[in-house]
Amino acid sequence: MTKSFYILAFLTSFILGIGAMFEFLVWPFRGMIVFAGFLLLNFGLVPTFFYQKYKSAK
């Protein structure tokens with residue numbers, strides 16, 4: 001996998017982890033942070049993963 005995929009995976013897990021911490025501690029903006037993490041996961045990490053798998057299958 002490429003370095004950019006690992007950076008994107010780290011950022012996604014970091015944002016979701018921070019969102020989970022905010023959710024647990026009932027701090028403000030927790031919903032927006034979790035939503036941003038899921039957006040990054042669904043529209044950034046998953047397509048990049050499948051694109052890398054597609055490129056390596058050729």
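The values are calculated or read from the model by the stated rules, or taken from the named source; none is laboratory data. Computed from a predicted model, the values in this text were never measured in an experiment. Here the Cβ is made from the backbone with ideal geometry for all residues, glycine too, and neighbour counts use every protein chain on show. Heavy atoms of the whole protein, side chains included, go into the accessibility calculation; ligands, DNA and RNA do not. Shrake-Rupley method; radii C 1.70, N 1.55, O 1.52, S 1.80 Å.
Counting only protein heavy atoms and a 1.4 Å probe, the chain has 78 square angstrom of accessible area per residue. Per-residue surface analysis assigns Val34 an accessible area of about 40 Å², computed on protein heavy atoms at 1.4 Å probe radius. Can you work out the FRET efficiency for the pair Phe29 and Ile7, with r the C-beta to C-beta distance and R0 = 22 Å, to the nearest 0.05? Efficiency at R0 = 22 Å is approximately 0.40.
Using a probe radius of 1.4 angstrom, the carbon and sulfur fraction of the accessible surface of the chain is 76%.
Computing FRET efficiency as 1/(1 + (r/R0)^6) for Tyr54 and Phe14, where r is the C-beta to C-beta distance and R0 is 22 Å, gives about 0.25. When all alpha carbon pairs of the chain are counted in 5 Å bins from zero, the resulting P(r) reads 4, 21, 23, 18, 13, 9, 6, 3, 2, 0 %. Could you state the angle between the C-alpha long axis of helix 46-57 and the longest principal axis of the C-alpha atoms of the chain, as a value from 0 to 90 degrees rounded to the nearest 10? Taking the Cα atoms of the chain, the angle to 46-57 is about 20 degrees. GNM remark for the chain: springs join alpha carbons under 10 Å apart, and the peak mean-square fluctuation among Leu40, Leu16, Leu25 falls on Leu25. For the listed peptides 7-15, 49-57, a ranking on the average number of other beta carbons within 10 Å per residue, highest first, reads 7-15, 49-57.
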